[in-house]
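Undergrad: Just dropping this structure here.
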Amino acid sequence: MKALVLNGSPRKTGFSAAAAAIARDHLASRQVEVDLVALADLAIRDCVGCFQCLRTGRCSLDDDMDALVARMRQVDAFVVVSAVRNGDVSACYKRFYERITYRLGFPLALEDRHTLAISVVGYMGGKAASRRFAGLQDVFHTRLSGHLHFAAGIPGGPPGPRETTRITTALDRLVQDVHTRRGRGLADRASFAVDRLIMRRFVFRGREDVYADVVRQWREKGYMD
């Protein structure tokens, strides 16, 4: 099993950084091949909305995203950690999310991966947004193994014993989900089917030149029938 831990917080210390390190170390103790990537350490430019990736599968920007996208394609599971800012994920994570939406989300390149989302807020808010974005839901449709949402206070320190136990328990479930290839629940399957129908009938129709690479990948999956 291969896993990638993504820390979307710009801070080098605090709850998010410590939670990401706990995830890396615990997965390694379970004989998982795991890497930890701090998104703030990478050169990730803003998406410019040129849509080249939709047509060709290649981004027009030259930065660290090509290598990261390649790594994301190679793993079985993700642990995504993001701080909450103004009721949403951090700007650091949002920039990354925008850059992978068209390249990995629209083609459904991660649909069979499992994801554990961990979000951290000072006091309250941001839980639903974090589940969607840090959980790689919506256009990505990864299989959500779990979502942990913590109120760490301001300033937030590292996770205590209780929070650490919640994290490691959720990580154990993630490993089990990957090993057993846990499928989607009924509601998730229905949502996934509806979204594919909407994309075929209302997004791609008449614009197959714009979405050429995405449509090609959907045809290979049998999703254009």
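The values are calculated or read from the model by the stated rules, or taken from the named source; none is laboratory data. All values derive from a computational prediction rather than experimental measurement. Here the Cβ positions follow ideal geometry from the backbone for every residue, glycine too, while neighbour counts run over all protein chains shown.
Undergrad: Identify, by number, the condition in (1) touching a helix residue (DSSP H, G or I) at 6+ places or on another chain (Cβ under 9 Å); (2) farther than 30 Å from GLY157 by Cα; (3) of a type in the set (A, V, I, L, M) that VAL79 doesn't meet.
TA: (2)
Undergrad: Can you confirm whether the stretch 85-106 contains a residue that is of a type in the set (A, V, I, L, M, F, W, C), in a loop (DSSP other than H, G, I, E, B) and touching a Phe, Trp or Tyr at 6+ places or on another chain (Cβ under 8 Å)?
TA: Applying the first criterion (of a type in the set (A, V, I, L, M, F, W, C)) to the stretch 85-106 yields 89, 91-92, 96, 100, 104, 106.
Add one more test, that the residue is in a loop (DSSP other than H, G, I, E, B), and what stays is 106.
Cutting the leftovers down to touching a Phe, Trp or Tyr at 6+ places or on another chain (Cβ under 8 Å) gives us 106.
Within the stretch 85-106 (the criterion being of a type in the set (A, V, I, L, M, F, W, C), in a loop (DSSP other than H, G, I, E, B) and touching a Phe, Trp or Tyr at 6+ places or on another chain (Cβ under 8 Å)), the answer is yes, since at least one residue qualifies.
Undergrad: On the given criteria, is ASP25 surrounded by fewer than 17 Cβ atoms within 10 Å (Cβ to Cβ), assigned to a helix (DSSP H, G or I) and not hydrophobic (A, V, I, L, M, F, W, C)? Write out each step before concluding.
TA: Values: surrounded by fewer than 17 Cβ atoms within 10 Å (Cβ to Cβ): yes; assigned to a helix (DSSP H, G or I): yes; not hydrophobic (A, V, I, L, M, F, W, C): yes.
Answer is yes for this residue.
Undergrad: Against the condition surrounded by 15 or more Cβ atoms within 10 Å (Cβ to Cβ) and either at pLDDT 95 or above or among the aromatic types (Phe, Trp, Tyr) (or both), how does PHE202 come out, does it pass?
TA: In short, no.
Undergrad: What single numbered condition from (1) at positive phi; (2) in a helix (DSSP H, G or I) fails to hold for ASP138?
TA: (2)
Undergrad: May I ask you to list the residues in the stretch 66-87 that are surrounded by fewer than 21 Cβ atoms within 10 Å (Cβ to Cβ) and under 15 Å from TYR97 (Cβ atoms)? Even if it seems obvious, please write down each step before you answer.
TA: If we filter the stretch 66-87 for residues that are surrounded by fewer than 21 Cβ atoms within 10 Å (Cβ to Cβ), which is where we start, we get 66-76, 85-87.
Residues satisfying the conditions are LEU68, VAL69, MET72, ARG85.
Undergrad: Over 27 Å from LYS12 (Cβ atoms), of a type in the set (Gly, Ala, Ser) and outside any strand (DSSP E or B): which single residue out of ALA109, ALA129, ALA70 fits that description? Lay out the reasoning, then the answer.
TA: Working: ALA129 fails: over 27 Å from LYS12 (Cβ atoms); ALA70 fails: over 27 Å from LYS12 (Cβ atoms).
Unique residue meeting the criteria: ALA109.
Undergrad: Same structure, new question: Any residue at all in the stretch 4-16 that's aromatic (Phe, Trp, Tyr), buried (at least 19 other Cβ atoms within 10 Å of the Cβ), part of a helix (DSSP H, G or I) and more than 14 Å from the chain's Cα centre (by Cα)?
TA: Taking the stretch 4-16 and keeping what is aromatic (Phe, Trp, Tyr), we get 15.
After this cut, where a residue has to be buried (at least 19 other Cβ atoms within 10 Å of the Cβ) as well, the list is 15.
If we keep only those that are part of a helix (DSSP H, G or I) as well, we get 15.
In the following step, the residues that additionally are more than 14 Å from the chain's Cα centre (by Cα) were identified as 15.
Yes, the stretch 4-16 has at least one match.
Undergrad: A further question on this structure: If ALA43 passes every condition in (1) surrounded by 21 or more Cβ atoms within 10 Å (Cβ to Cβ); (2) assigned to a loop (DSSP other than H, G, I, E, B) but one, which one does it miss?
TA: (1)
Undergrad: For the stretch 21-76, which residues satisfy the criterion of being touching a residue at least 60 places away in the same chain (Cβ under 8 Å), under 22 Å from GLN137 (Cα atoms) and touching a helix residue (DSSP H, G or I) at 6+ places or on another chain (Cβ under 9 Å)?
TA: Filtering the stretch 21-76 for residues touching a residue at least 60 places away in the same chain (Cβ under 8 Å) gives 22-23, 26-27, 30, 32, 51, 53-57, 71-72, 74-76.
Those still in the list that are under 22 Å from GLN137 (Cα atoms) too: 23, 51, 53-54, 57, 71-72, 74-76.
The answer is ALA23, PHE51, CYS53, LEU54, GLY57, MET72, ASP76.
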